[in-house]
Amino acid sequence: MAARTLCAALGAALLSTTAMAEIATGDTSGMRIALSNNFAGNSWRQAMLKSWDEVSSQAVAEGIVAEAPAFTTAENQATEQAAQIQNLILQGFDAIVLNAASPTALNGAVREACDAGVVVVSFDGIVTEPCAWRIVIDFAGMGTAQLDYLAEKMPEGGKLLEIRGLAGVFVDDEIHSGIVKGVETHSQFEVVGSVHGDWTQTVAQREVSGILPTLPAIDAVVTQGGDGYGAAQAFRAAGRDIPLIIMGNRHDELTWWQEQRDATGYETMSLSIAPASAQVGFWVAQQILAGREVPQDLLLPTLVIEQDELDYWLEQTEEGGVTNAVYTLDWTDKMIEAVAAGEPVPPTPTAE
Amino acid sequence: MIIDWRELVRTSLPALALAALLGAIFWLQPRAMSYQGLNLLLNLSIPIVFATLAQMFVLTVGDLDLGIGGFVTFVACVTVTWLAEAPLVGVLILVAAIGLYAAVGALIELRNLPAIVVTLGMSFVWFGLAVIVLPSPGGRTPEWLIAAVRLRPPGIPLAILAAVGIGLVGHLLLMRTSFGVVLRGAGGNPRAITRAGWSMLQIRMTLYALAGLMGVFAGLTLAGITTSADANIALRYTLLSIAGAILGGSQFTGGRVSPIGAVLGALVMTLAASFLAFLRLNPDWQIGVQGAILILVLALRAVLDRLAGER
């Protein structure tokens, strides 16, 4: 253990004098990274665990780390995950990659980890404890990106229907604020109606059906994901022209888009978060262990699918699931560099 | 002093279970066998010990409290908001909450309601109040409280000192005072207690107030450890506290309780989860195995009770 630490320290010292803004090559082959996860009960989380498993087994096979197992709490409770984190400290892990049950209730345990010299990298469900790293998903950017796309598509502007998520949840507020900001920037657009679709197709369909009779002709629907297909069904049932509906990378949404494209040349875009964000967590932790100076707050772009990439991404999407990607060390390196330099982060990687 | 054999049997079982678990954990994870290791292993048990004692006070009179998890959550939420920003108001809210707990006891006694239903209803009230106090996760525990639970007394980790202290105080109060005898008697034979001139109303209110007090301590220590809170933070404590108290020798029928046993039971419940984590058991199995450990220990107790000539 002492030799290992010395090795890492030497590597870190070497690096800090030579190349700072490059991939850190400090020896992490003896180090162990754990994934602490609070919930595995939906397709997104299942895909996330699978992505972690892929990156960890490959990294272990290549000798980059000694081991990188995933731990999921039996129940989705902050107290349980706090105990889990403390157990991981006891087991001597060098880094913990964390998808947290609560942004705040784990802070005590995270503090204990930092005090014990463990690197904590949170992603998706991030923690507010300052000593941890945060891979923040740019939810507001998900809102503005939709309006940017629309402005390009319909320069003359138009009337919008907004489908929001679950009321009172941080993610809903963030995406909504992005859409508000986008409408301010592209003032030729006007939101004429808004419903809460709860990120669920059936709810979105019901709510959109309910508000449609009160609305004028809609040019486009801005969404939060998991609601585009339901919206399309509502427009169809009401006998209205189907407007441009932004999709959210769900399998049913992409399939519908593909059908419409083949039938009528329907055009739109789709965006959401890739479950493989866990892989970014892994590489960030590995880089910190290797001695790199990494900004505490990192940014993850949304996975955007455009018209010409639809077939490729639909193939990457499991039936009933969400589109996934593969994040490599090279990509993570570019992202870290971009954040450190205050530049926009690189787009979601596609397979070569 | 006469040795109470029944008492000894009742408390020895959770003690043995605890020793076995600790032994297994030390074997699996030698790092745990240090001051810092024990601290990490046990510090989250302090609020669970308090919650288990709260449950035990309610069990004393033969009731079951399904609201304790919600109550601890509410206290934690008040701690990171009112107690931090306006300490006086915060203290008043907590005192009022204990009063409300006593009032619930009074309601159950006066209207002869099933406690299980009333406390289940109260759990939603507490959860609702917690959401009102802290609508989104956050808040900040007062520094003095964080410092208090972070204390590193020389030699023995705080969690162990706390467990011993809580167990002893509970033991003295319930098992060694005449007042404690009356409280326990109220669960075992309420008619005899009323005939002797005691008020069941006062007794139930006292026990519920004690439970509320323990719940407040649980919420305070939990918020101290986590440094922040959310409105779901302790919902699991309801079942943990029942399991811990029963494991420690309390009985659903009332009258038979053991504070020391309850403390040991709470520690066993805390360590069982860590033990399974160190085994790297698939999480899908963990809840089931935790339940199996519980059943195993309870079955052992039934056997020991019989051997000791009880019943």
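No lab work stands behind these numbers, since they all come straight from the coordinates. Please read these numbers as outputs of a predicted model, since none were measured by experiment. Cβ atoms come from the backbone with ideal geometry, glycine included; neighbour counts cover every protein chain shown.
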Would you be so kind as to identify which of A:Q258, A:G320, A:A101 lies farthest towards the positive end of the dipole of chain A, taking Lys and Arg as +1 and Asp and Glu as -1 on Cβ and the Cα centre as origin? A:A101
Which FRET efficiency value, to the nearest 0.05, is calculated for B:V182 and A:C114 with the Förster distance at 45 angstrom and r the Cβ-Cβ distance? 0.35
Can you give the log10 of the normalised intensity I(q)/I(0) at q = 0.15, 0.17, 0.24 Å⁻¹, computed with Debye over equal Cα scatterers of region A:273-340? -0.55, -0.67, -1.04
Among A:E67, A:E309, A:E337, whose mean-square fluctuation peaks in a Gaussian network model of chain A (Cα, cutoff 10 Å)? A:E309
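How large is the Kirkwood hydrodynamic radius of region B:1-120, in angstrom, based on all distinct alpha carbon pairs?
Kirkwood hydrodynamic radius for region B:1-120: 17.7 Å.
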No solvent, one uniform scatterer per C-alpha: report log10 I(q)/I(0) for region B:141-210 via the Debye equation at q = 0.14, 0.17 1/Å, two decimals. -0.61, -0.73
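How crowded by other chains is B:36-44, given as the mean number of beta carbons from other chains within 10 Å of each beta carbon? Before the final figure, lay out the partial values.
On the way: counts 5, 3, 1, 3, 11, 5, 1, 6, 7.
The per-residue average across the peptide is 5.
Apply the Kirkwood formula to region B:5-306: the hydrodynamic radius equals the inverse of the mean of 1/r over all pairs of different alpha-carbon atoms; give it in Å with one decimal.
Kirkwood hydrodynamic radius for region B:5-306: 19.5 Å.
Report the equivalent ellipsoid semi-axes for region A:61-108 in whole Å, largest first, defined as the square roots of five times the eigenvalues of the gyration tensor built from alpha carbon atoms. Walk me through the numbers before you get to the answer.
Working: eigenvalues 101, 24, 19 Å².
Each semi-axis is √(5λ); the values are 23, 11, 10 Å.
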Spherically averaged projected area of region B:44-199 from its Cα convex hull (nm²): 10.8
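To the nearest 20 debye, what charge dipole does chain A have about its Cα centre, counting +1 at the Cβ of each Lys and Arg and -1 at the Cβ of each Asp and Glu?
Working: 17 positive and 47 negative charges, 146 e Å.
My answer is approximately 700 debye.
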Over chain B, with a Gaussian network built from C-alpha contacts below 10 Å, which listed residue (B:L100, B:L281, B:L83) shows the highest mean-square fluctuation? B:L281
Using a cut-off of under 17 Å, list every residue of region A:84-117 whose amide N is near the label point 7 Å from the Cα of A:E293 along the Cα-to-beta-carbon line. none
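Would you mind counting up the charge near A:V136? Only other residues with Cβ under 13 Å from its Cβ, with Lys and Arg at +1 and Asp and Glu at -1.
Numbers: positive: A:R134; negative: A:D124, A:D138, A:E174, A:D297.
With Lys, Arg at +1 and Asp, Glu at -1, the neighbours total -3.
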Using distinct alpha-carbon pairs, which all enter the 1/r mean, Kirkwood radius of region A:139-272 in Å: 14.4
Take peptide A:81-92, look around each residue's Cβ out to 10 angstrom, count Cβ atoms belonging to other protein chains, and average those counts. 6
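Could you check what % of the DSSP bridge pairs in the protein assembly as shown are antiparallel, to the nearest 5?
Working: 5 of 38 bridges.
Of those bridges, close to 15 percent are antiparallel.
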Compute the Cα gyration tensor for chain A, then decide on rounded, prolate or oblate, letting a ≥ b ≥ c be the square roots of its eigenvalues: rounded whenever a/c is under 1.5, prolate when a/b is larger than b/c in the other cases, and oblate in all that remain. prolate
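Determine the relative contact order of chain A: mean sequence separation of Cα pairs under 8 Å and six or more apart, normalised by residue count, in whole percent. Write out the running numbers ahead of the final one.
Working: 721 pairs, mean separation 62.1, N = 352.
Relative CO of chain A lands at 18 percent.
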With only Lys, Arg, Asp and Glu charged, each at its Cβ (+1 for the first two, -1 for the last two), find how big the charge dipole of region A:139-272 is about the Cα centre; round to the nearest 20 debye. 240
Pick from B:T253, B:T194, B:T81: which residue has the top mean-square fluctuation in a GNM of chain B where Cα pairs under 10 Å get a spring? B:T194
Can you give me the distance in nm between label points at B:V91 and B:I287, each placed 7 Å from the Cα along the Cα-to-Cβ direction? 4.2
Taking 2.2 N^0.38 Å as the expected size of a compact globular protein, what ratio does the Cα radius of gyration of region A:101-152 give against it, to two decimals? 1.58
If the cut-off is a Cα-Cα distance under 20 Å, which lysines reach A:K181, setting aside same-chain residues fewer than 8 apart in sequence? A:K153, A:K159
Evaluate peptide B:278-287: per residue, the Cβ atoms of other protein chains within 10 Å of its Cβ; return the mean as an integer. 3
Ranked by how many other beta carbons lie within 10 Å on average, peptides A:198-204, B:148-154 from highest: A:198-204, B:148-154
Regarding the protein assembly as shown, what is the average projected area of its C-alpha convex hull, in nm²? 34.4
